[in-house]
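Structure first, then comments.
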Amino acid sequence: MTTALAAATDAILGTYRRAPMELVRGAGVELFDADGKAYLDFVAGIAVNALGYGDAALEQAMRSAIDCGLVHVSNLYRTSPGERLAEKLVEHSFADRVFFCNSGAEANEGAFKMARRWARLQSPAKHEIISLRGAFHGRLFGTLAATDRAQYRMPFRPLAGGISIAERDLGELEGLLNAETVAAVIVEPVQGEGGVRVMETEFLRGLRALTKERNVLLILDEIQCGYGRTGTFWGYEQSGVTPDILTTAKPMAGGLPMGAVLMTQAVADAMQPGDHGTTFGGGPFVASVALHVFDRLSDPALLQHVTENGAWLGAALRQMAERSPKIRAVRGLGYMWGIDVTEAAKDIVARAMDAGLLVCSAGEHTVRLLPPLVMSRADLERGVQKLAQAIG
């Protein structure tokens, strides 16, 4: 490591254990370090870079967005790109209204506020939010209280009140969902950080029925599994369950920071001017780029590509598991997979990196795969081969 790079690294707060190499360039579905080594990318910036790297159309969308001269004006004034994007999101979802922000954690924090604002109009005592075992909803105070990871939570206690974690069990939830006190339940259709656990259709449908019966909002966190990653544009389409609120973020703007909260009219009606806000959310530059990304990722041909190749990837991973005693389970769908292994996932991540493959973890013993949605079958095959070598 050069002295200059070491100094730059020392200047950044050490909240991540960063890989040792310096990435300097990307092309297609590969990244390159300062020494020229290529890495096949099965991380995609943690599910952000759905279109890969150096995508000509995405780059042109960014140039066009800057050419108008409006990068930011605040939400005190109207601009067209955010309004057009909101209309597209409403047309392609259950929602009636959209709130833009800058990240997934912000989206979930906003969803919690909106749920409580709606709930207090139903009953003065109605405020509790329930998340599920294995959940990851963010690292801010409200979302951290809804995140089931002890090492993230313990140093920051006491956490936000009125938020609890329940088992992924309808029987337990039936006993917890008090109509007078519970405002909302939040669930990821596919838990990402929690080990890539796909919520069963029967569970989601039962939870939706229970929340409707108890007058409790259902929030779906699709920050990682939405925007085409499962093979449908929204993860909830897999089960046919529609929520009251949905949060999304990661791939929305092609690597630029953006998040959103989608909601029904009933939730929107509870929110009044001044109840919530954002300085940057839905600004003209980022929203212009997000319009292009939306059109690309909602394309039926792209979704079919993810569905078909995702099925192939799942079959290949299960065949690998049958051959290797070091693999205990394989879970996922589309371009989102988790592999439970017998050794520390970080050791496999390191060996894969040495072999020119980037993968990440989802817990101590789960290797997570999140390739760009444009990745071809041939590159998926190449990655599976490298992963098999890394697992041994």
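The values are calculated or read from the model by the stated rules, or taken from the named source; none is laboratory data. What you are looking at is a predicted structure, and each value in this text was computed from that prediction instead of being measured. Please note: Cβ atoms are built from the backbone with ideal geometry, for glycine as well, and neighbour counts cover all protein chains shown.
Within the bounds of region 341-359, is there any residue that is within 17 Å of the chain's Cα centre (by Cα) and either surrounded by 14 or more Cβ atoms within 10 Å (Cβ to Cβ) or at pLDDT 95 or above (or both)?
yes
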query = How many of the residues in region 370-392 are part of a helix (DSSP H, G or I), in contact (Cβ under 8 Å) with a residue 12 or more places away in the chain and of a type in the set (Gly, Ala, Ser)?
reply = 3
message = Is it the case, given these coordinates, that residue 203 is farther than 18 Å from residue 113 by Cα, without any contact (Cβ under 8 Å) to a residue 24 or more places away in the chain and either assigned by TED's automatic domain parsing to the domain that holds residue 242 or in contact with a helix residue (DSSP H, G or I) (Cβ under 9 Å, 6 or more places away or on another chain) (or both)?
response = no
ask   = Checking residue 371 against (1) farther than 17 Å from residue 190 by Cα; (2) within 23 Å of the chain's Cα centre (by Cα), which single condition isn't satisfied?
value = (1)
remark   = Checked region 75-108 for anything acidic (Asp, Glu) and surrounded by fewer than 23 Cβ atoms within 10 Å (Cβ to Cβ); matches are 83, 87, 91, 96
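Take residue 165 and decide whether it is part of a strand (DSSP E or B) and under 16 Å from residue 210 (Cβ atoms). First the steps, then the outcome.
Numbers: part of a strand (DSSP E or B): yes; under 16 Å from residue 210 (Cβ atoms): no.
Criteria not met by residue 165.
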message = I need the full set of residues from region 116-143 which are surrounded by fewer than 21 Cβ atoms within 10 Å (Cβ to Cβ) and in a helix (DSSP H, G or I), in order please.
response = 116, 117, 120, 121, 122, 141
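Condition check: surrounded by fewer than 24 Cβ atoms within 10 Å (Cβ to Cβ) and among the charged types (D, E, K, R). Does residue 269 satisfy that?
On the way: surrounded by fewer than 24 Cβ atoms within 10 Å (Cβ to Cβ): yes; among the charged types (D, E, K, R): yes.
So residue 269 fits the description; yes.
Would region 75-82 turn up any residue that is in a helix (DSSP H, G or I), small (Gly, Ala, Ser) and not assigned by TED's automatic domain parsing to the domain that holds residue 257?
Going through region 75-82, the residues in a helix (DSSP H, G or I) turn out to be 80-82.
Pick out the ones that are also small (Gly, Ala, Ser) and you get 80, 82.
Filter once more, keeping what is not assigned by TED's automatic domain parsing to the domain that holds residue 257: none.
Checking region 75-82: not a single residue is in a helix (DSSP H, G or I), small (Gly, Ala, Ser) and not assigned by TED's automatic domain parsing to the domain that holds residue 257.
Go through region 258-291 and report how many residues are in a helix (DSSP H, G or I) and either within 19 Å of the chain's Cα centre (by Cα) or among the aromatic types (Phe, Trp, Tyr) (or both). Lay out the reasoning, then the answer.
Step one: of region 258-291, the residues in a helix (DSSP H, G or I) are 265-270, 284-291.
Still in the list and also either within 19 Å of the chain's Cα centre (by Cα) or among the aromatic types (Phe, Trp, Tyr) (or both): 285-287, 289-291.
Count: 6.
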